[in-house]
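J.: This is the structure I have questions about; it appears just below.
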Amino acid sequence: MSPAESAHFPRWHFFNQTTGVMSWLTTLDHKRIALMYFGAVVSALILGGLLALGIRLELFNPEPSLVDAQTYNRLFTLHGMVMVFLFMVPAIPAVFGNFFLPMMLGAKDVAFPRLNLASFYIYVTGALFTLWAIVHGGVDTGWTFYVPYSTTSVVAVAPVMLGIFIVGLSSILTGLNFIVTTHTLRAPGLNWGRLPLFVWNLYGTSIISVLATPVIGIVALLVAAEIIFGFGLFDPARGGDPVLFQHLFWFYSHPVVYVMVLPAMGVVSEVFATFCRRQIFGYKMLAVATLGIALVGFFVWGHHLFVAGQSTFDAGIFGVLSMLVGVFTAIKVFNWVMTLYKGAVDFTVPFALACFFLYFLIFGGMTGIALAVISLDVHWHDTYYVVAHFHFVMVGSVMMAFLAAVHYWFPKMFGRMYSERVALSAVAFIFIGFNLTFVPQFLLGNMGMPRRYHQYLPMFQSLNVASTMGAFILGLGMFLSLFALLWALKWGAVAGDNPFHSRGYEWNTASPPVQHNFHTPQVIVDGPHNYEGPPAAQPTAKVAHGVE
Amino acid sequence: MNHAHAQHHGLGFFFGILLSLLALTGLTYVTARVWSNYVPDVLHVPLALTIALVKAGLVAWFFMHLNAHAPVNRAYFVLALCFVALMMTLIVGDAMTRLPTAEPNFPGYQEVRGAP
Amino acid sequence: MASNEAAAVELTAHADHFVDAAHERRAAQFGMWLFLANEILLFGPLFTAFALYRYLYRDTFAYLSAVHLDWKLGTVNTVVLLVSSFTVVVAGWAARCRRSIWVGHALIATIVLAGGFLVVKYFEYTHKFHEGLLPGKYFTLDLAHDVALHMESLREMGLNPAQMRIGPGASMFFALYFLITGLHGLHVVIGMGVLGWMAVRAYRGEFAVRNDTPVELSGLYWHLVDLIWIFVYPTLYLL
Amino acid sequence: MTQWLRELLFLPERASTFADRVDALHYQVFLTTMGVWAVITLVMGYFFVRFRRKRVEQSTEPFHPPLSMEVFFVAVPLVVFLGWFTIGFRDFTWYRNPPPDAIDVYATGKKWMWKFTYPEGPNAIDTLHVPVGRPVRVLITSRDVIHSFFVPAFRVKQDAIPGRYTETWFIATRTGVFDVFCAEYCGLSHSRMLGKVVVMPVEEFEDWRAAEREQSFAARLDADPTRDEARATLVTQGERLALEKGCGRCHTVDGTPHLGPTWRGLYRSMQTLTTGENVVADEAYLTRSMMNPGAQKVAGYFTDMPSYFGLLTNAEAAALVEYIKSLKGEEPAPGAMR
């Protein structure tokens, strides 16, 4: 959509209402904290992405070429840790959740602004400490740090555990804040049946953050106790059970996949609603499915242990529950597709990204269902099939949703518009590159190539070459996208308050918003994204307010 | 306003709760150690856990004013306990139903690996 | 008194994004409960590990718990914590009545009780260190000799050592013992710090003119410490 | 059709009965999911063209899905997914329960090699010989960290966990040489922990096994020309075995009592059993105690010893007995290690 001719850049907004470095570093404004998170997670994304390119380059040849085995093992460990703990987990909730959750609730801020700022600094501290510990300690255990490899390895795993503990604390605090905010700070008239789906998804995410993250904390503590003091909890020589570690580890690490995916689903729901000009088809089902995924998702962790010596009985239970998560996801997919029906579809960059999200989610989800079929998992477990599957879901779909969120809310956050054409071509590169990277990896997994391989048999080479080329196309697209947005930040056209004519609550204010989000207290009279008839009278005063 | 209900209870009431907590502590000791021969083996753990749950319930409901707090506070408290219970069930259940060949120290190991 | 007006303002003070003080208080309570739920999940894995290894090494665990953990000390500590929980309730009650000094007195009593708890724990720990009842590679007790020594007391407890498989998993029991009680002890220490801070504020008279939410929240935290001990006591000392 | 699908999906050749089951289900899942994906794409494309936006502020009518549609959306995936689960779980249970007549092979993962041991038979590093058409059970363990025994052509995989045995089994359906990978990350040379399965016709396998057994016996004789030296080697072997099998966790060799009787001076000593009988601890008694420890238990010990039946070969049991025999009755110097 082209911005309205009358669009003007507001005189006062949350960027310039207070100024100076300290006004940012000590800010309690959720929007500024969100932007600081934005900078942090994008840095993590760039770092993780460069490491991935390094890994792919090494795998171009079957023989060791660029780096030796030890360096390679450290590379993929670093890549995994950075991408999972530093990028994926905080990406959408901490950036877009922080920015838009209070706005979607018609609130002035999150419930505990100081806690919010603290959680940002805890994140930064934990992130830097983890990175230092991995690089300094030369940790090569993979991001799953399975015992007894991690407890008998000569490298310093214990500080990394501490770092993860700290990062985990940050996501606990963010989740806690979101839950309390959603319960207590909804604007008058905003009942649970009118909550935007992004809020529902953040709510589900936060439940997981609050209830699962302490488990990884305690697992980190146990592993550290094992390494430093030789407690022997996971040491078979002392009667310990290494499989217990895997149980506890996946009790956190499987739900955390939904910490990544649920907010992505929330973003896509908003984008579909805006660009099809309809409330999402089957809103209630979608909300229920969200909570279903969040709660049932806790009890499917055992599908990571089908061949790890888990009992057949447990495998059966976890197998069935995994299928239920698949059903919830399928419900969501059907509902998104049906949202187009009798809608008014407008093809824009965010909408294209949402469609690609759907493509990756269907593909990744279906392969996930295949993996959850126990007998099939026996063949695919720990092969490139798994690598490709979780990259489809966690990188493909989540990255698409992250980019969709960036492009959808960019005008709201910064008040300017990016070039649609450049952004679209970047997205095309990303989509093609992504498929070229990971479809061959499914086939490699079928062939039986195990993951975390530094060198491989020559028969795997052709597919690996294709994958490496895809990775570079993907990387090119990502950088193109980054530059398009950076350019728009300074030179983009003024977007206007609501360039997409969305009826989401967060658009009821100026772009960029003022310090306390809204000029007038919000009263919600209608569900989100009701496009029946002309827009409801909005209580927004079109007067630029100064500093109060 | 939301703790108005809690204010109805005076200190005497809370002291009564304390006394019943102490009595339950005595009960759990007596059933586990003094009368242990009269309690069937299979009941030891469930009995001790039940008493602990009752005590925890008293503390949470009255001392922590869960009776007067918002229902959602109760919901999250119960949810957390359920999650721990399910975690325990699934993980211990795994060990209980694992192949008895798996580990020499596991019960049942000798029946499978033992006498020909 | 002129300060009455100021007190009224203090009592209803609230952050800008809340409607009123009661609203803010509800949010704070809810936030605290979420934090407590998170704490429950922090201890959950330790209890799970205990359950798993108790299932695998039932006889060893029963033997070590019966012979090498002193149920008397455990019970004393249980009573101490239950009473300290009660004194915290008293503090909360005094805070609701705006009797700031009494809040301070009740909290000091709680801290003294917590100190008593830690002293008992200290004696338990040093005893274990002395006997070599330590986790993992530091476990130095000669079990066979030990079983022979305690034959009589075992029979008195209704255990038949000839039918027990004592041995495997012995160091595991103490690994879990030290992890669970250690983490719990850490919470006790943190709780003492928080309550101490509240006591200082109480003696300054703050809770006569401010709402009592901080006392209530730190009290909730202390009750959770008690709540966890309620489960630690039977699992470690009695079963 | 299946051949074509196998090549399309880059699956390795199928060489076990389990592989047939896995692939059949895989094709079914693959075709269904691709079908669903195609249908969704087509439907979206149609909607996209049919319902594209005409005016900027176009209004749309709300659409409340009927209950039947919601039920449909839930029921269809539920039934399909549970159907797949049922088939998969049936196959998995089948895969978890080896037939009783299977040939046992012990596989031990070790950084970074596989050691395959046949009961009463030869050892082999990295190469597993199995007969075609006969069930083979692989009992897997690890000496250090977790490894995973993975044969793509058989579609079988099982983690090797230190301190514990896991098992997998297969019936190879064709002769040939197939790759063995380690699928669980195990450190520096994880990607070079490669092995082979050689599937042979049954007679050839029996010949091979007999020849290997002969050869290893001959090798031992060659190495130890005199009987005394051979015996000395057995003692050394026994000492090593006692370490490997963890006998020292319960038995000392310096005369101090532990969970079980000390081995020092045990040989030919008189022992009182729990039944009150007296026995002489001779070779027969020692061997019996390893294989069936509960049968004749020495009084005064409260720990049950696990049976080592199937864990010790006859030769190994003999070596252990020789080692115990070598531990004469005199008291060792104080402070001697266990």
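The numbers here are math on the coordinates, done by the rules we state, and not lab data. This is a predicted model, so every value here is computed, not measured. So basically every Cβ, Gly included, is an ideal-geometry build from the backbone, and we count neighbours across all protein chains shown.
J.: Under 16 Å Cα-Cα from D:Lys54, which aspartates and glutamates qualify once same-chain neighbours fewer than 8 residues away are excluded?
T.: Partners found: A:Asp346, A:Glu532.
J.: Next question, about the same structure. When the Cα centres of the stretch A:125-166 and the stretch D:157-185 are compared, how far apart do they sit, in Å?
T.: Each part reduced to its Cα centre gives a spacing of 30 Å.
J.: Could you put D:Asp159, D:Asp91, A:Asp526, A:Asp68 in order, starting from the residue whose Cβ has the fewest other Cβ atoms within 10 Å?
T.: In order of increasing Cβ crowding within 10 Å: A:Asp68, A:Asp526, D:Asp91, D:Asp159.
J.: Over chain C, with a Gaussian network built from C-alpha contacts below 10 Å, which listed residue (C:Arg58, C:Arg165, C:Arg98) shows the highest mean-square fluctuation?
T.: Of C:Arg58, C:Arg165, C:Arg98, the Gaussian network model singles out C:Arg165 as fluctuating most.
J.: Which residues does a label at D:Leu5 reach in the stretch D:72-87, if reach means a backbone N under 19 Å from a point 7 Å past the Cα toward the Cβ?
T.: Answer for the stretch D:72-87: D:80-87.
J.: Under the definition of Cα pairs under 8 Å and six or more residues apart, what whole-number percent is the relative contact order of chain C?
T.: It comes to 35 percent, rounded to a whole number.
J.: Another question about this same structure. Quickly work out the D:Leu243-to-A:Val523 label distance, labels modelled 7 Å from Cα along the C-beta direction, and quote it in nm with one decimal.
T.: A separation of 8.5 nm, rounded to one decimal place.
J.: At a Cα cut-off below 22 Å, give the lysines reachable from C:Lys128, other chains included and same-chain residues fewer than 8 away excluded.
T.: Candidates past the 8-residue exclusion: C:Lys72, C:Lys137.
J.: Another one. Under a cut-off of 21 Å between alpha-carbon atoms, report the lysines in cross-link reach of D:Lys196, not counting same-chain residues fewer than 8 places apart.
T.: Once the sequence-local lysines are set aside, what remains near D:Lys196 is D:Lys110, D:Lys111, D:Lys115, D:Lys157.
J.: Relative to the Cα centre, what is the charge dipole magnitude of chain A, using +1 at the beta carbon of each Lys and Arg, -1 at the beta carbon of each Asp and Glu, and rounding to the nearest 20 debye?
T.: So the magnitude is around 1080 debye.
J.: Next question. So what is the 222 nm mean residue ellipticity for chain C from helices alone, if each DSSP H run of at least 4 adds -39500 (n - 2.57) and you divide by all residues, rounding to the nearest 500 deg cm²/dmol?
T.: Roughly -26500 deg cm²/dmol at 222 nm, from the helical runs in chain C.
J.: Starting from the Cα of D:Thr274, step 7 Å toward the Cβ, then list every residue of the stretch C:50-64 with an amide N under 18 Å from that point.
T.: Taking a point 7 Å out along Cα→Cβ of D:Thr274, the residues of the stretch C:50-64 whose backbone N falls under 18 Å are C:58-60, C:63.
J.: Then there is this: Rounded to the nearest 20 debye, what is the charge dipole size of the stretch C:113-226 about its Cα centre when +1 sits on each Lys and Arg Cβ and -1 on each Asp and Glu Cβ?
T.: Taking the Cα centre of the stretch C:113-226 as origin, the dipole is about 280 debye.
J.: Set the Förster distance to 56 Å, then compute FRET efficiency between D:Val177 and D:Thr41 from the Cβ-Cβ distance, nearest 0.05.
T.: After rounding to 0.05, the efficiency reads 0.85.
J.: If you put +1 on each Lys and Arg Cβ and -1 on each Asp and Glu Cβ, how big is the dipole of the protein assembly as shown around its Cα centre, in Debye rounded to 20?
T.: 2780
J.: What helices does chain D hold that run 30 Å or longer along their axis, going by alpha-carbon atoms, with a Kyte-Doolittle average of -1.0 or more, using DSSP H for the helix calls?
T.: Helices passing the filter in chain D: D:17-50, D:67-96, D:202-223.
J.: Right, another one. What average count of beta carbons from other chains do you get within 10 Å of the Cβ of residues in A:271-284?
T.: For peptide A:271-284, the averaged partner shielding equals 3.
J.: So for the pair C:Phe129, B:Ala70, with labels modelled 7 Å out along Cα→Cβ, what separation do we get in nm?
T.: Each label point is offset 7 Å from its Cα along the Cβ direction, giving 4.6 nm.
J.: Same structure, new question: Please label the shape of the stretch D:103-219 as rounded, prolate or oblate, based on the square roots a ≥ b ≥ c of the eigenvalues of the alpha-carbon gyration tensor (a/c under 1.5 means rounded; beyond that, a/b larger than b/c means prolate, else oblate).
T.: In terms of gyration-tensor shape, prolate.
J.: I would also like to ask the following. Can you give the extra length, in nm with one decimal, that the chain gains between D:Glu57 and D:Asn123 once fully stretched, where that is 0.36 nm per residue apart less the Cα-Cα distance?
T.: Difference between extended and current length: 15.9 nm.
J.: A further question on this structure: Charges on Cβ only, +1 for Lys and Arg, -1 for Asp and Glu, centred on the Cα centroid of the protein assembly as shown; of A:Ile293, D:Gly176, C:Met172, which one is farthest towards the dipole's positive end?
T.: Result: A:Ile293.
J.: Projected onto the charge dipole of the protein assembly as shown (+1 at Lys/Arg Cβ, -1 at Asp/Glu Cβ, origin at the Cα centre), which of D:Leu82, A:Val345, A:Ala466 gives the Cα projection farthest towards the positive end?
T.: Among D:Leu82, A:Val345, A:Ala466, the one farthest towards the positive end of the dipole of the protein assembly as shown is A:Val345.
J.: So how do D:Arg14, D:Arg90 line up by other beta-carbon neighbours within 10 Å, fewest first?
T.: D:Arg90, D:Arg14
J.: Considering every residue in D:290-296, what mean count of other chain Cβ atoms within 10 Å of its Cβ is obtained?
T.: Taking all residues of D:290-296 together, the mean is 2.
J.: Calculate the spin-label point distance for D:Thr256 paired with D:Arg213, positioning each point 7 Å from the Cα along the beta-carbon direction, and give it in nanometres.
T.: 4.3
J.: Taking chain C as a Gaussian network, Cα atoms linked when under 10 Å apart, which of C:Leu220, C:Leu149, C:Leu46 shows the biggest mean-square fluctuation?
T.: In this elastic network of chain C, the residue with the biggest mean-square fluctuation among C:Leu220, C:Leu149, C:Leu46 is C:Leu149.
J.: Mind jotting down the distance between the C-alpha centroids of the stretch A:219-234 and the stretch C:21-90, whole Å?
T.: So the separation of the two Cα centres works out to 21 Å.
J.: Toward the positive end of the charge dipole of the protein assembly as shown, about the Cα centre and with charges on Cβ (Lys, Arg +1; Asp, Glu -1), which of A:Val41, D:Phe205, B:Phe83 goes farthest?
T.: A:Val41
J.: When you look at the Cβ of every residue in A:151-160, what mean number of other chain Cβ atoms sits within 10 Å?
T.: Taking all residues of A:151-160 together, the mean is 1.
J.: So what is the relative contact order of the stretch A:28-507, in percent, for Cα pairs below 8 Å that sit 6 or more residues apart?
T.: Relative contact order here is 16 percent.
J.: For A:Asp140, A:Asp314, what's the fewest-to-most ordering of other Cβ within 10 Å of each Cβ?
T.: Neighbour counts put them in this order, fewest first: A:Asp314, A:Asp140.
J.: Could you tally the net charge around C:Ala27, taking each other residue with its Cβ under 15 Å from the Cβ of C:Ala27, Lys/Arg +1 and Asp/Glu -1?
T.: Once positives and negatives cancel, what remains is 0.
J.: Here is a follow-up. What's the FRET efficiency of A:Thr125 with C:Glu152 using the Cβ-Cβ distance as r and R₀ = 60 Å, to the nearest 0.05?
T.: The pair A:Thr125/C:Glu152 has a calculated efficiency of 0.60.
J.: Something else about it: Work out the FRET efficiency for A:Ser425 and B:Cys82 from their Cβ-Cβ distance, taking R0 = 51 Å, and round it to the nearest 0.05.
T.: That gives a FRET efficiency of 0.55.
J.: What is the Cα centroid distance between the stretch A:500-514 and the stretch D:20-44, reported in whole angstrom?
T.: Their Cα centres are 42 Å away from one another.
J.: Where a ≥ b ≥ c are the square roots of the eigenvalues of the C-alpha gyration tensor, would you call the protein assembly as shown rounded, which needs a/c under 1.5, or, failing that, prolate if a/b is larger than b/c, or oblate?
T.: Oblate shape, in that a/c is at least 1.5 and b/c is the bigger or equal ratio.
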